[in-house]
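Chemist: A single structure is presented below for examination.
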Amino acid sequence: MIGIELRGATVDFPLVGPEFFSFKKSLLSHHRPLIEHVRAVNNVSLTIKEGERVGLIGANGAGKTSLLKVLAGIYPPTRGKVMIKGKVSALFDLTTGMDMELNGVENIKLRLMLLGYRGGKINQLVEEVIDFAELGDFIHMPVRTYSSGMFVRLSFGICTVMAPEILVLDEFLGAGDAAFAKKAETKVRSLMDSGNIVIVSSHALSGITAECTRCIWIDKGRLRASGPPAEIVQEYLATATAAREDDLV
């Protein structure tokens with residue numbers, strides 16, 4: 001059974017003071033360089049079960065992307081535990097893993113080879129990605145010529161054709177044109193219907209409410225709330241509105 005469990009997961013990023021980079025100051029100073037930490041994820045415990053479509057919300061800088069990368073197994077926690085059961089595909093920076101000088105077809109093959117696919121299976125999956133992305137002749141053009149929408153099409157196609165058991169997306173809902181968004185939505189639903197887990201971070205709250213079965217609200221790295229999307233989104237908006245009104249007083 002696939003699933004993810006976090007137990008007190010905490011992620012700290014060190015911040016090094018500028019004096020650390022000065023050899024002269026290090027020799028002349030009797031003080032140690034100032035090293036501080038930013039806590040991106042703060043003591044988060046949660047369980048995500050098979051078949052869930054989870055929406056992650058929160059203000060800019062709240063720690064959503066950092067938490068996503070913990071859930072995807074990319075960031076190991078500084079403290080706490082992360083247990084992941086299942087094959088994970090994560091879609092963050094659309095250019096990650098792309099060779100900008102290679103064309104779309106070559107990038108698809110490269111990504112599949114790096115993931116361990118060989119021979120006829122690569123050719124089969126390449127055709128599936130090409131059909132899904134619908135990039136026309138641009139599939140044979142260097143990806144440096146692609147628009148952001150074209151990157152979404154190609155990256156999402158590669159990501160989903162690998163049939164992940166856990167799909168993690170950052171700021172994907174609402175990306176691309178309406179026709180592709182509908183096509184991607186159908187694909188995500190297909191993954192979930194197969195018992196897979198889908199986790200998406202987005203500021204498109206209407207999309208979270210419409211497409212997700214559960215919503216997680218992250219605030220300053222902490223788990224603020226988790227539950228039905230409509231309820232959590234309403235609570236989040238009410239809090240954001242109250243904060244803006246306090247700023248105006």
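Chemist: Going residue by residue through segment 145-154, is there one that turns out to be of a type in the set (Phe, Trp, Tyr) and either in contact with a Gly (Cβ under 7 Å, 6 or more places away or on another chain) or modelled with pLDDT of 85 or more (or both)?
Modeler: yes
Chemist: Cβ-Cβ under 7 Å, sequence separation 6+ or interchain: first residue in segment 56-78 and within 16 Å of Thr239 (Cα to Cα) and touching a residue at least 24 places away in the same chain (Cβ under 8 Å), partner open to solvent by 20 Å² or more (accessible area, probe 1.4 Å) and not in a loop (DSSP other than H, G, I, E, B). Which pairs?
Modeler: Sorted first by the residue in segment 56-78, then by its partner, the pairs are Ile57/Leu205; Ile57/Tyr236; Gly58/Asp219; Ala62/Asp219.
Chemist: Answer yes if at least one residue in segment 144-159 is of a type in the set (Ser, Thr, Tyr) and open to solvent by less than 40 Å² (accessible area, probe 1.4 Å), and no otherwise.
Modeler: Yes, there is a match, as at least one residue in segment 144-159 is of a type in the set (Ser, Thr, Tyr) and open to solvent by less than 40 Å² (accessible area, probe 1.4 Å).
Chemist: Taking segment 60-85, which residues are in a loop (DSSP other than H, G, I, E, B), open to solvent by 70 Å² or more (accessible area, probe 1.4 Å) and not small (Gly, Ala, Ser)?
Modeler: Applying the first criterion (in a loop (DSSP other than H, G, I, E, B)) to segment 60-85 yields 60-63, 72-78.
After this cut, where a residue has to be open to solvent by 70 Å² or more (accessible area, probe 1.4 Å) as well, the list is 60-61, 74, 76, 78.
Asn60, Ile74, Pro76, Thr78, listed by residue number.
Chemist: Now a separate question. Taking the residues in segment 86-123 that are of a type in the set (Lys, Arg) and farther than 29 Å from Arg222 by Cα as candidates, determine which candidate is surrounded by the fewest Cβ atoms within 10 Å (Cβ to Cβ).
Modeler: Checking each candidate, the answer is Arg118.
Chemist: If you don't mind, another one. Out of curiosity, is Ala90 touching a Lys or Arg at 6+ places or on another chain (Cβ under 6 Å) and in contact (Cβ under 8 Å) with a residue 24 or more places away in the chain?
Modeler: So Ala90 fails the test.
Chemist: Just to be sure, is Arg153 among the basic types (Lys, Arg), over 20 Å from Ile4 (Cα atoms) and free of Cβ contacts under 8 Å to residues at least 40 places away in the same chain?
Modeler: Taking the combined requirement at face value, the residue satisfies it.
Chemist: Okay, next question. If you check Leu46 against the conditions, is it crowded, with 21+ Cβ neighbours inside 10 Å and at pLDDT 95 or above?
Modeler: Considered against the rule, which asks whether it is crowded, with 21+ Cβ neighbours inside 10 Å and at pLDDT 95 or above, Leu46 comes out as no.
Chemist: Tell me, which residue of segment 196-227 that is out of contact with any helix residue (DSSP H, G or I) (no Cβ under 7 Å at 6 or more places or on another chain) and closer than 20 Å to Gly73 by Cα is surrounded by the fewest Cβ atoms within 10 Å (Cβ to Cβ)?
Modeler: Arg222
The values are calculated or read from the model by the stated rules, or taken from the named source; none is laboratory data. Model, not experiment: these values are computed from the prediction. Neighbour counts run over all protein chains shown; Cβ positions are idealised from the backbone, glycine included. What goes into the accessible areas is simple: the full protein's heavy atoms, side chains included, and nothing from ligands, DNA or RNA. Shrake-Rupley method; radii C 1.70, N 1.55, O 1.52, S 1.80 Å.
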